[in-house]
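Some notes on the structure that comes next.
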Amino acid sequence: MSREMLKREIGSSGISASAIGLGTWAIGGWMWGGTDESQSIAAIRASIDEGVSLIDTAPAYGKGLAEEIVGKAIRGRRDEVVLATKCGLVWHTTKGNHFFDYDGKPVHRHLGAESIVYEVEQSLRRLGTDHIDHYITHWQDPTTPVAETMEALQRLKQQGKIRSIGASNLSVAELEAYVAAGGLDAIQEEYSMVKRDAEATLLPICRRHGVSMLSYSSLALGLLSGRIGPDRTFEGDDQRKNNPRFSVANREKVAALMHDIAPVVEAHGATPAQIVIAWTLQQPGITFSLCGARTPAQARENAAAGRIRLSPSEINTISEAASRHLTNLDA
């Protein structure tokens, strides 16, 4: 694993970033049992030290908390970072489409032009920067035409406040509307060995139009980390406790997968999680893999996956094992 960090471009933006990105949902604390600011800052800085330039955050992660923590962590190191954040989940207005309540207050999906202009200024302030490298619509707003949203984003790009445009959590029809509007550089979607539907739906469109894919949940909330065996129990408000994907039967299938790919893991002196992430990055159409980390050790482990290059035969071995054990995994 002595090779350099794999780097790729975000669509046609000309922006190059590490293929491993740091995802900061957990750092915001919301739905993750709180956060430790000093530990989170250390994790972000460890990622940068290890060659991870892509840092992905969002206002919704702790209602601005993750952005503020990222802003503190990158102070003095802004030029080493390709900064991605999002818009479209709002609590400053009740326009748009009600999505959920957070701390007893409504959060709406809203991508109107006026709201986007407001949101970008708030994010710039929290992040302590004058520009965002990659700006993503977080969830789609059925009450606002995509053309209006894209017009506002293009205007922000012309003003230099954002450098590239992304969209997340899309249907095929929504992706086609973004492509038709022009200027879309990347999408951000869940993708892993146990969730591969994008291969048949979104990715063919992306490949036709030169749109990058930022994949998240490469390890499926830890299911594919090699650390959650059939005997593990989930306590308290752990979101995996009642998740059918984490049934004992499924964890037994994953354990069988890990057994079969062990020779590849050993050949690279890696961890199972690193090999799973490296496999993800070498799937057709997958440009970046966003990996969460809350400690420096987790950050370093994720970063090392970006220095692994699997051979075609190794990719084939892993893919065949995944087909054998995970095809009938109940999500």
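The values are calculated or read from the model by the stated rules, or taken from the named source; none is laboratory data. A quick note: this is a predicted structure, and the numbers were derived from the prediction, not measured. Don't worry about glycine lacking a Cβ; one is built from the backbone with ideal geometry, like all the others, and counts go over all protein chains shown. Areas reflect the complete protein model, heavy atoms only, side chains present, ligands, DNA and RNA absent. Shrake-Rupley method; radii C 1.70, N 1.55, O 1.52, S 1.80 Å.
The share of accessible area on segment 21-128 that comes from carbon and sulfur is 48 percent, using a 1.4 angstrom probe.
Surface listing: Asp133, Asp197, Asp238 arranged by accessible area from highest to lowest gives Asp197, Asp238, Asp133, probe 1.4 Å.
Label reach from Arg8 (point 7 Å along Cα→C-beta): in segment 207-232, amide nitrogens under 18 Å belong to 207-220. Counting only alpha carbon atoms, the long axis of helix 37-49 and the longest principal axis of the chain meet at about 80°.
With the Cα gyration tensor of segment 232-331 giving a ≥ b ≥ c as the square roots of its eigenvalues, does the rule (a/c under 1.5 for rounded; else a/b larger than b/c for prolate; else oblate) give rounded, prolate or oblate? Oblate, because a/c is 1.5 or more while a/b does not exceed b/c. Beta-bridge orientation, the chain: approximately 30 percent antiparallel, per DSSP, counting only bridges with both partners inside. Normalised by the number of residues in segment 8-97, the average gap of Cα pairs under 8 Å and 6 or more apart makes the relative contact order 29 percent. The Cα center of segment 162-230 and the Cα center of segment 130-144 differ in position by 15 Å.
Roughly how many whole Å is it from the C-alpha centroid of segment 251-304 to that of segment 70-128? If you average the Cα positions of each part, the centres end up 30 Å apart. For segment 131-217, with all protein chains in place and a probe radius of 1.4 Å, 50% of the accessible heavy-atom surface sits on carbon or sulfur.
Compared with the dominant principal axis of the Cα atoms in the chain, helix 296-305 is inclined by about 80°. Only helices enter this figure: runs of n ≥ 4 DSSP H residues, each worth -39500 (n - 2.57), summed and divided by the residues of the chain, yield -11500 deg cm²/dmol at 222 nm to the nearest 500.
Taking all protein chains as they are arranged and a probe of 1.4 Å, the heavy atoms of Thr129 leave approximately 20 Å² accessible to solvent. Taking the DSSP beta bridges with both ends in segment 1-146, the antiparallel portion is around 50 percent.
For segment 154-196, the set of GluC sites (Glu not before Pro) satisfying both a DSSP loop assignment and a count of at most 10 other C-beta atoms within 10 Å is empty.
If you line up the long axis of helix 248-267 against the longest principal axis of the chain, both from Cα atoms, how many degrees apart are they, to the nearest 10? Taking the Cα atoms of the chain, the angle to 248-267 is about 80 degrees. Here's the list of lysines a cross-link from Lys157 could span, going by alpha-carbon distance under 27 Å and ignoring same-chain residues fewer than 8 apart: Lys7, Lys63, Lys72, Lys86, Lys95.
Accessible surface computed residue by residue for segment 188-331, with neighbouring protein chains in place and a 1.4 Å probe, gives 43 Å² per residue. The mean sequence distance of close C-alpha pairs (under 8 Å, at least 6 residues apart), as a share of the length of the chain, puts its relative contact order at 21 percent.
Over segment 128-256, Cα pairs under 8 Å with separation of 6+ residues give a relative contact order of 19 percent. Packing around the peptides 77-88, 262-273, taken as the average count of other Cβ atoms within 10 Å per residue, puts them in this order, highest first: 77-88, 262-273. Averaged over its residues, segment 23-158 has an accessible area of 41 Å² per residue, based on protein heavy atoms and a 1.4 Å probe.
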